[in-house]
Amino acid sequence: MTLPDTITLTRPDDWHLHLRDGPALAAVVGASAVQFERAIVMPNLRSPVTTTDRAEAYRERILSARPDGSAFSPLMTLYLTDRTAADEIRAACASGFIHGVKLYPAGATTNSDAGVTDLRQAWPALEAMQAERLPLLVHGEVTDPEVDVFDREAVFIERVLAPLMNDFPELRVVFEHITTADAADFVITGPERLAATVTAHHLLLNRNALLVGGVWPHHYCLPVLKRERHRQALLAAIGTGCNRLFLGTDSAPHPRGAKESACGCAGIFTAYTALELYAEAFAEAGMLDRLEAFASHHGPDWYGLPRNVGTLTLERQPTPVPEALPFGNDTLVPFRAGGEVAWTVRNATGRMA
Ligand code: NCD
Ligand code: ZN
């Protein structure tokens, strides 16, 4: 298939993004703001965003950290805990700026210690979310030490997600950053109220990228990269045109030292070239014609928000990726550091503050 030299899309949104706080936020927000109109902002700050008041204050900090003239709009989320009250959920809905509540099984990933230890504790909050139609955004991995890290997503479906969806037959759920054939099947054969985000890195890499030729800490994320057959299943699921699969980068910056360590932490910073990476994955899979709906239509349609009116153009010209980027007093190693990505977002200058 011959590839076009340029493609113009409705301006996209990122439905799963970690922006951090303070100097780290100031360093990374520009990268997302040049590409995306809106982003669902994850609440797993060191002191998690557990209340509407905290979400409002965090939202203000994000708005102030945007580059001059940026219209980037953060869509806030709350962090579900064992103690989240139904009233807190109703307050979140009334705020108008909170668009989901994130479930982190306690201990599943970065800053998830305050997450849910037992879903029964969160029952009143989940009932309120179902009644208010506020989506539950799920980090879908069990934390049971007996379960192999590569199986944690598949086991989560069977042990947690399927039963939860039966217990709450109208709860709207986003299965975040799906990585397996099991999750892709579960979503595409599932009901309208179930959607999923897919990252660029899980579309581009399999677990060899983590472990062949050495340990590659900048390819370590959660859920961990999987076998090639799972990567192919994610691409195939998107290739069906399922309108409940949408773009969510899960771009998750960490200082270089926290990644290049005896116990490196999970998270890949893809925001610097997010859309270019998706374009590369879609072009390689021969489905560039699916990119616009995935990046710009399915997300807002599912969340009940208007599609963006602006456009964005990608050129089939390589973008060089720096070896490292400033990150407050630290440095940040972006995905593909020192290499290049096959596409370039036109006018994306000033992508890092
Ligand atoms: C995320 C982070 O660093 O906040 N890390 C990651 O590997 N994706 C947390 C998460 O989304 O699991
Ligand atoms: Zn995430």
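The values are calculated or read from the model by the stated rules, or taken from the named source; none is laboratory data. It should be emphasised that the depicted structure is a prediction, and the values quoted were computed from it without experimental measurement. Note that we place each Cβ from the backbone using ideal geometry, even for glycine, and neighbour counts take in every protein chain shown. Areas reflect the complete protein model, heavy atoms only, side chains present, ligands, DNA and RNA absent. Shrake-Rupley method; radii C 1.70, N 1.55, O 1.52, S 1.80 Å.
In table form, for the structure just shown:
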item: Fraction of accessible area attributable to carbon and sulfur, the range 6-345 (%, probe 1.4 Å); result: 48
item: DSSP-defined beta bridges in the chain - what % are antiparallel, rounded to 5; result: 35
item: Overall form of the range 139-290 per C-alpha gyration tensor (a/c, 1.5; a/b vs b/c); result: oblate
item: CD proxy at 222 nm, helix term only [per DSSP H run n ≥ 4: -39500 (n - 2.57); per residue of the chain; nearest 500]; result: -8500 deg cm²/dmol
item: Phi-based couplings in Hz for the range 15-31 (Karplus 6.51, -1.76, 1.60; Gly and Pro marked x); result: 8, 6, 9, 9, 9, 6, 8, x, x, 5, 4, 4, 6, 9, 4, x, 4
item: Nearest-0.05 FRET efficiency for Glu132 and Arg346, computed from C-beta distance (R0 41 Å); result: 0.55
item: For the range 6-345: relative contact order, % (alpha-carbon pairs under 8 angstrom, 6 or more apart); result: 19
item: Projected-area average for the range 1-82 over all orientations - Cα convex hull basis, square nanometres; result: 7.6
item: Stokes-Einstein D for the range 107-220, Kirkwood Rh over Cα pairs, 4 °C, 1.567 mPa s (µm²/s); result: 84
item: The range 215-243 residues near the modelled Thr331 label - backbone nitrogen below 16 Å, point 7 Å along Cα→Cβ; result: 217-218
item: Inter-site label distance for Arg120 and Leu63 at 7 Å from Cα along Cβ, in nm; result: 4.2
item: Gained length - Trp216 relative to Arg229, 0.36 nm times residue gap less alpha-carbon distance; result: 2.6 nm
item: Stokes-Einstein D for the chain, Kirkwood Rh over Cα pairs, 4 °C, 1.567 mPa s (µm²/s); result: 64
item: J(HN,Hα) series, the range 220-229, from Karplus relation 6.51 cos²θ - 1.76 cosθ + 1.60, nearest Hz, glycine and proline x; result: 8, 8, 10, x, 4, 4, 10, 5, 4, 5
item: Probe 1.4 Å, accessible area per residue of the chain, Å²; result: 39
item: Neighbourhood charge, 11 Å Cβ-Cβ cut-off, centred on Glu315 and excluding it, Lys, Arg +1 and Asp, Glu -1; result: 0
